[in-house]
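Structure record follows, encoded as structure tokens.
The values are calculated or read from the model by the stated rules, or taken from the named source; none is laboratory data. Given the structure is predicted, the values throughout are model-derived calculations rather than measurements. Ideal geometry is used to build each Cβ from the backbone, glycine not excepted, and the neighbour counts take in all protein chains shown.
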């Protein structure tokens with residue numbers, strides 16, 4: 001895996017490196033936040049029972065593993081880092097927010113994603129499920145969020 | 001103690017925001033993840049205080065906050081609050097379980113609307 005350049009002290013606008021090469025590296029944004037998403041999943045995997053104060057169990061290991069595979073399959077040009085949100089039944093969801101616009105991809109199980117596309121300004125309130133293995137559907141949803149900004 | 005089945009539609013309900021990722025600081029509102037369940041706990045505002053709600057759920061923690069939502073709005077969104085025993089805090093007379101009464105295919109939309117209807121009562125201060 002290429003290094004995360006945001007953590008790379010050599011990455012700066014003063015770099016003597018060819019600017020075009022640096023820009024190409026910088027636009028491969030998902031590669032940058034993949035390591036931090038994996039680190040976030042490590043933290044979520046370590047949550048203790050009752051992590052929400054309302055009696056939640058530990059997060060489901062199979063769902064954490066499915067989320068890791070999902071992170072590894074994110075398209076390279078996704079420019080917005082999602083938040084990974086633990087959920088009280090022991091599952092999790094990826095969230096993208098900008099103003100009132102929201103995209104949620106909830107891993108209901110290790111095999112099923114329940115999504116919400118939400119944009120009040122465009123009267124978008126779309127909710128449905130699809131198999132985790134359907135990477136094309138996930139990519140289409142993420143592109144809806146990132147391209148309609 | 002005998003509890004009535006349903007709080008008044010005029011009642012406000014408190015829900016503690018205990019996870020940093022349940023709070024969207026840029027929007028100053030909770031994530032739908034705080035409500036996106038077939039059943040979750042809340043407290044009746046008329047029978048408790050925001051601080052008491054927080055102290056029951058996460059005693060001594062720095063950062064968590066409390067949001068409030070209207071019982072009538074919750075019902076219109078098909079969330080059904082019922083006064084039921086808090087098994088972890090049986091002396092909590094303010095406790096309700098909130099049930100989502102529609103099928104799972106509408107849960108996320110309704111949870112999103114409920115999250116957007118919330119008023120912030122104690123602002124979370126997660127770092």
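Descriptive notes on the structure:
- Among the candidates A:73, A:48, residue that is touching a helix residue (DSSP H, G or I) at 6+ places or on another chain (Cβ under 6 Å), surrounded by fewer than 19 Cβ atoms within 10 Å (Cβ to Cβ) and modelled with pLDDT of 75 or more: A:73
- Residue among B:81, B:90, B:7 that is part of a loop (DSSP other than H, G, I, E, B), within 14 Å of the chain's Cα centre (by Cα) and away from chain A (no Cβ under 13 Å): B:7
- When every residue of region A:78-85 is checked against the conditions, at least one turns out to be farther than 15 Å from residue A:34 by Cα, within 11 Å of chain B (Cβ to nearest Cβ) and either out of contact with any strand residue (DSSP E or B) (no Cβ under 6 Å at 6 or more places or on another chain) or assigned to a strand (DSSP E or B) (or both).
- Of all residues in region B:29-54, exactly one satisfies the criterion of being surrounded by fewer than 17 Cβ atoms within 10 Å (Cβ to Cβ) and under 12 Å from residue A:54 (Cα atoms), namely B:39.
- A count restricted to region A:95-113 and to residues that are crowded, with 19+ Cβ neighbours inside 10 Å and farther than 13 Å from residue B:36 by Cβ stands at 4.
- Condition met for residue B:65 (modelled with pLDDT of 95 or more and more than 9 Å from every other protein chain (Cβ to nearest Cβ)): yes
- Filtered residues of region B:18-33 (kept if under 14 Å from residue B:116 (Cα atoms) and either at the interface with chain A (Cβ under 9 Å from one of its Cβ atoms) or in a strand (DSSP E or B) (or both)): B:22, B:23, B:24, B:26, B:27, B:29, B:30, B:31, B:32, B:33
- Residue in region B:113-125 that is surrounded by 15 or more Cβ atoms within 10 Å (Cβ to Cβ), farther than 30 Å from residue A:127 by Cβ, away from chain A (no Cβ under 12 Å) and in contact (Cβ under 8 Å) with a residue 24 or more places away in the chain present: yes
Let's see how each residue does on (1) more than 14 Å from chain B (Cβ to nearest Cβ); (2) part of a helix (DSSP H, G or I); (3) modelled with pLDDT of 95 or more:
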| residue | (1), (2), (3) |
| --- | --- |
| A:14 | yes, no, no |
| A:42 | yes, yes, yes |
| A:57 | no, no, yes |
| A:68 | yes, yes, yes |
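- Subset of region A:105-133 that is touching a helix residue (DSSP H, G or I) at 6+ places or on another chain (Cβ under 6 Å) and within 7 Å of chain B (Cβ to nearest Cβ) - its residue that is farthest from residue A:66 (Cα to Cα): A:125
- Inside region B:93-111, residues that are over 16 Å from residue B:14 (Cβ atoms), within 13 Å of the chain's Cα centre (by Cα) and within 12 Å of another protein chain (Cβ to nearest Cβ) make up a count of 1.
- Subset of region B:94-122 (residues that are in a loop (DSSP other than H, G, I, E, B), modelled with pLDDT under 95 and either touching a strand residue (DSSP E or B) at 6+ places or on another chain (Cβ under 8 Å) or farther than 22 Å from residue A:114 by Cα (or both)): B:101
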